[in-house]
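This report concerns only the one structure given below.
Bear in mind these aren't lab numbers, they're just calculated from the coordinates by the rules spelled out. Note that the structure is a prediction, hence the values are computed from the model and not measured. Here Cβ is always computed from backbone atoms with ideal geometry, including for glycine, and neighbour counts include all displayed protein chains.
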Amino acid sequence: MSIKELIEVSQRYGSDPECVLAGGGNTSWKTKDTLFVKASGTALATIQETGFVELDLETVRAILRQDFPADSAAREAQVLSALMAARKKGQTMRPSVETILHALFPYAYVVHLHPALVNGVLCSVDAEKTIGELFGDQVLYVPYTTPGYVLSKTLSDSFETWTAHGKSFPSIVFLQNHGIFVAADSVQEIDKIYSMVFDRIRSRIGRTPDFSATESPVLEQSVNALFDKAAELKDALVKAACRYVESPCIEFETNKEILKHAASASDFATLNGAFSPDHIVYAGARPLYIPHTILDAIQEGAKADTVQAALAKQIGSFIEQEGTYPHVIVVQDVGAFGLAKNTKAAQLALMLFNDAIKVSVYSMSFGGPHFMAAADVDFIKKWEVEQYRSTVSA
Ligand SMILES: [Zn+2]
């Protein structure tokens, strides 16, 4: 057991896009009195020893015994300073927001991921039922809980009830609309558990998503024609977005699966919400859907000003509803545009949007998608920790 093994397992899962995207997921290793946990916003794929924060294990665990204010902003601020204070001397990085969860497990290694396959179950209507059917009562299922202190407290209470019943400490915890925690005393055991989890879920998947390039079945046009049209739209979108975002960057992507979901407003309904905090952080609370009447206008030779004004109006009313501009704009029969203040963030938005599509497609095998509740979405939108995480990654 060593930090080398922690780095190896972190990089391995971190570089598998089926397991980790952007700054998502976190890992830890603990000795008798020290916890090494991923620093907030660090990418697992390339993490080195310096990407982990060293904390005093008992001090982290003791945070849950402290009293905190009821107001969520004040509470999270105090929990964060308690976490910062639990760092060993000389540590400068900010520990992952999920640090306390890692400390709770009495196992040496913890690998926490948000894999699309697992979230296909956890973001579905039949999440709890399916977890029960697939994994029995040896795993812990936790209904959606606000991340941060509240989730740590909830999990700690659930663990207490669990062990009070004489059951051995769970190695697997499923969090609704969030992801999975796997804990074990060796990296080999972690791998064994993950492959068992993936195999069992895969055995129940009906349709798997298809992200291949396409000759649009809807437009009956070549990919090039589709991209030409996208270029024109992209130009109009940049100009429209300028009214709301300082020097906006727009990236475009289309594939079979995007087009399938962009074929009509009702096809789009299975994407019109937030699956998990990660999706909100990188791709926004929901995408904006624009019907292809905008394409017809371009085709019929509408003036650039008219097209831009029409797009700006749609973005404007989205901002009115959501309080922020859309990070993903889906145009019917065309594809998806990532919109952000820089190219990397626009690409990340599209990456997480494709991940949301995967989750949505998988969820169809378990009763269909189940989005986060509006109040939970608002909490994440306002949460300082998540804002910090998205700035570090971008
Ligand atoms: Zn997480």
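Determine the calculated [θ] at 222 nm for the chain from helices alone, applying -39500 (n - 2.57) to every DSSP H run no shorter than 4 residues and normalising by the residue count; nearest 500 deg cm²/dmol. Write down the numbers at each step before the final one.
Details: 17 runs with 188 residues, N = 394.
For the chain, the value works out to -14500 deg cm²/dmol.
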* Structure fact -> For region 223-393, shape from the Cα gyration tensor axes a ≥ b ≥ c, cut at a/c of 1.5 then a/b versus b/c, turns out oblate
* To do: For region 261-271, take each phi angle, set θ = phi - 60°, evaluate the Karplus expression 6.51 cos²θ - 1.76 cosθ + 1.60, and give the result in whole Hz per residue in order, putting x for glycine and proline.
  => 7, 9, 6, 6, 4, 6, 5, 6, 4, 6, 10
* Order these peptides, 160-169, 91-100, 118-127, by their mean beta-carbon neighbour count within 10 angstrom, highest first. => 118-127, 91-100, 160-169
* To do: Among DSSP beta bridges whose residues both lie in region 223-393, state the antiparallel percentage, nearest 5.
  => 75 percent
* Structure fact -> So, over other residues within a Cβ distance under 14 Å of residue 70, counting Lys, Arg +1 and Asp, Glu -1, the net charge is -1
* **Relative packing of peptides 44-51, 327-334, 199-206 - highest average C-beta neighbours within 10 Å first** => 327-334, 44-51, 199-206
* **Rounded Å value of the spacing that divides the Cα centres of region 70-93 and region 10-33** => 22 Å
* Point-to-point label distance, residue 242-residue 304, nm (Cα→Cβ direction, 7 Å offset) -> 0.9 nm
* Structure fact -> Amide H contacts under 5 Å for residue 141, restricted to residues at least 5 apart in sequence or on another chain and with H modeled in the peptide plane, are 174
* Asked: Under a 5 Å amide H to amide H cut-off, with H placed in plane at 1.01 Å, what residues pair with residue 53 once short-range neighbours are removed?
  -> 37, 38, 39
* Structure fact -> Cα-only Rg/Rh for the chain with Kirkwood Rh rounds to 1.00
* Asked: List the aspartates and glutamates whose alpha-carbon lies under 14 Å from that of residue 341, not counting same-chain residues fewer than 8 positions away?
  -> 246, 251
* Asked: With each pseudo-label sitting 7 Å past Cα toward Cβ, what's the residue 3-residue 62 distance in nm, one decimal?
  -> 2.4 nm
* Percent antiparallel among DSSP beta bridges (both partners in the chain, rounded to 5) -> 85 percent
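Find how much the distance from residue 313 to residue 231 grows on full extension, using 0.36 nm per residue of separation minus their present alpha carbon separation; answer in nm with one decimal.
Details: separation 82, 0.36 × 82 = 29.52 nm, distance 1.98 nm.
Extra length available between residue 313 and residue 231 comes to 27.5 nm.
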* Lysine pairs meeting the criterion (Cα under 25 Å, 8 or more apart or interchain), as found in region 3-202 -> 27
* Backbone N within region 78-114 under 18 Å of label point (7 Å from residue 200 Cα along the Cβ vector) -> 111-114
* Structure fact -> Filtered hits (aspartates and glutamates, Cα-Cα < 13 Å from residue 381, offset >= 8 within chain) -> 278, 322
* Asked: So which trypsin sites (Lys or Arg not before Pro) in region 60-104 pass both tests, a DSSP loop state and at most 11 other Cβ atoms within 10 Å of the Cβ?
  -> 89
* Find how many whole Å separate the alpha carbon centroid of region 107-171 from the alpha carbon centroid of region 327-381. => 24 Å
